[in-house]
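Structure first, commentary second.
The values are calculated or read from the model by the stated rules, or taken from the named source; none is laboratory data. What you see is a predicted model, and the numbers here were worked out from it, not measured in a lab. Note: ideal-geometry Cβ built from the backbone for every residue, glycine included; neighbour counts use all protein chains shown. These area figures cover heavy atoms from the full protein model, side chains too; ligands, DNA and RNA do not enter into them. Shrake-Rupley method; radii C 1.70, N 1.55, O 1.52, S 1.80 Å.
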Amino acid sequence: MADSEMGEATLERKLAVYRNLDGNFVIQEEKYKGQQFSHIYFMRLHHMRSQLQSLIPEWKPHLPVNSILGLEEGKECIIIGTLYKHMKLKPSILDEYSKERSAIPLVKPHNFMSTDDHLILEDESGRVKLAGPMLAPSAFVTGIVIAVHGKETKEGDFFVEDFLEAGLAPQVDRPLDSREDKYVAFVSGLSVGSSAFNPLQFQLLVDHVTGHLGDENEQRISSQIVRLVIAGNSMHISHGFFSGQTVAPKDHAKLTEPIRELDIFLTQLVAALPVDIMPGCNDPANYSLPQQPLHRCLFAGASAYNTFVSCTNPHQFELDNFKFVGTSGQNIDDLYKYSDAKDKVEFMERTLRWRHLAPTAPNTLGCYPYVDKDPFLIECCPHVYFVGNQEKYETRLLQGPDKQLIRLISIPRFCETGVAVMLNLRNLECHALTFSTNL
């Protein structure tokens, strides 16, 4: 018996060097003094204008760059500004109290675009309506900073002949290819406490990640998982508890049960490997971006381990010198409401080319009213960009003109699909893991 025990190889979990880079999203020194959102738009335009101006000499070196106020009819030039998308069907709080609500056309619940949408460009000096077929309103949203080449028409519009986006930001060189496999696991939309949550299905994921499931080969793969990232919407608490009314003592258990149940699962996970947990729109965290970390006191069991890391949303970190950036999905879901694309990964690609994680904030996506910065600007291209709480698993490897290489990952809601995602740091390849309790 001793000989058989000696013959069994002991599997040790692989390790990766981790560095949390959430500092830019943590609200500490900022103080709300009634400031409006004009500051964040000004900082965005100021930063992005300098980026675009550095690209113009290679794009249109023979054309002058004017302000909107300095436009002259018929004279070709370039103007740089922030796009505003005028949308007739965009929800308005005033419409709820309008007597003419019945005159407003019916809107599909998931999208507010119409054929009457048009784009306006703004800078500090003024605004001008953009005309011409070059810019399709369906592909853009409010909040993007671009440069446009064209001329003012006699109607006072600006006829666009060409446009320039900032494009992919510079990227730090990828680490040298490693010969060993190391995996990062992603999951989102657990929704513990909801009717869709299947405890057995999640327990299968926990057992797989911690190495308590499968044969020797599966356990070997499990030992190569160096980190688990939970990308938002981990619990579901009934909206009836947020009506502003005092919660009856008999309902206290219903309020806290999802949190306690999630803590039991998390404790199993953090006992085996490092776990990052991000807040989502359904979690007990602040609503507006950047969402602050879920308080450690919610997780009495898991927070006792130093492998438990409560993170912001968006979340940014380095793992073995690979840079990761991700959100719990609100930024992409909002783009889906106000623009059009063939899939969610294309929306992700656009945010990288616009160099902004959440361009629709603060117009249609809630965010903190920063005064001296816009934390969602992308100054350095990540190696991995992930978004949680989507309808299905999608991925794409995006290659940039300056040898940038970015793995885009759309993570589906686990409570609906039973799908988690595995990323191999060795080659940035990823695949889906599906867990099912159906016989």
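Annotation: ASP283 fulfils all but one of (1) buried (at least 19 other Cβ atoms within 10 Å of the Cβ); (2) over 17 Å from ASN20 (Cβ atoms); (3) touching a helix residue (DSSP H, G or I) at 6+ places or on another chain (Cβ under 9 Å); the unmet one is (3). Among all residues of segment 315-338, there is at least one that is farther than 14 Å from ASP276 by Cβ and among the hydroxyl-bearing types (Ser, Thr, Tyr).
Residue by residue, here is whether (1) more than 30 Å from SER310 (Cα to Cα); (2) modelled with pLDDT of 95 or more; (3) surrounded by 14 or more Cβ atoms within 10 Å (Cβ to Cβ) holds:
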site: ASP22; (1), (2), (3): no, yes, yes
site: GLN51; (1), (2), (3): yes, yes, yes
site: GLU76; (1), (2), (3): yes, yes, yes
site: PRO105; (1), (2), (3): yes, no, no
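Per the conditions (1) open to solvent by 30 Å² or more (accessible area, probe 1.4 Å); (2) among the aromatic types (Phe, Trp, Tyr); (3) under 17 Å from THR312 (Cα atoms), the sole criterion not satisfied by TYR385 is (1).
Of the strands (runs of 3 or more DSSP E) contained entirely in segment 146-246, those carrying at least 3 residues that are of a type in the set (Val, Ile, Thr) and closer than 28 Å to ILE264 by Cβ fall at 225-231. Say whether the condition of being among the aromatic types (Phe, Trp, Tyr), under 17 Å from PRO279 (Cα atoms) and crowded, with 20+ Cβ neighbours inside 10 Å is met by at least one residue in segment 342-363. Taking every residue of segment 342-363 in turn, none turns out to be among the aromatic types (Phe, Trp, Tyr), under 17 Å from PRO279 (Cα atoms) and crowded, with 20+ Cβ neighbours inside 10 Å.
Please tell me if TYR338 is over 30 Å from SER222 (Cα atoms) and either touching a residue at least 40 places away in the same chain (Cβ under 8 Å) or open to solvent by less than 10 Å² (accessible area, probe 1.4 Å) (or both). So TYR338 passes the test. Could you list all residues from segment 401-439 that are farther than 15 Å from VAL345 by Cβ, modelled with pLDDT of 95 or more and of a type in the set (Gly, Ala, Ser)? Within segment 401-439, GLY418, ALA420 qualify. Considering segment 174-207, and only residues there that are within 16 Å of LYS323 (Cα to Cα) and under 23 Å from the mean Cα position of the chain (by Cα), the residue that is surrounded by the fewest Cβ atoms within 10 Å (Cβ to Cβ) turns out to be ARG174.
Of all residues in segment 120-136, how many are touching a strand residue (DSSP E or B) at 6+ places or on another chain (Cβ under 6 Å), over 21 Å from GLY167 (Cβ atoms) and not basic (Lys, Arg)?
Applying the first criterion (touching a strand residue (DSSP E or B) at 6+ places or on another chain (Cβ under 6 Å)) to segment 120-136 yields 120-123, 127-132, 134-135.
Next, from what is left, pick out any that are over 21 Å from GLY167 (Cβ atoms): 120, 122, 127-129, 131-132.
Cutting the leftovers down to not basic (Lys, Arg) gives us 120, 122, 128, 131-132.
Within segment 120-136, residues that are touching a strand residue (DSSP E or B) at 6+ places or on another chain (Cβ under 6 Å), over 21 Å from GLY167 (Cβ atoms) and not basic (Lys, Arg) number 5.
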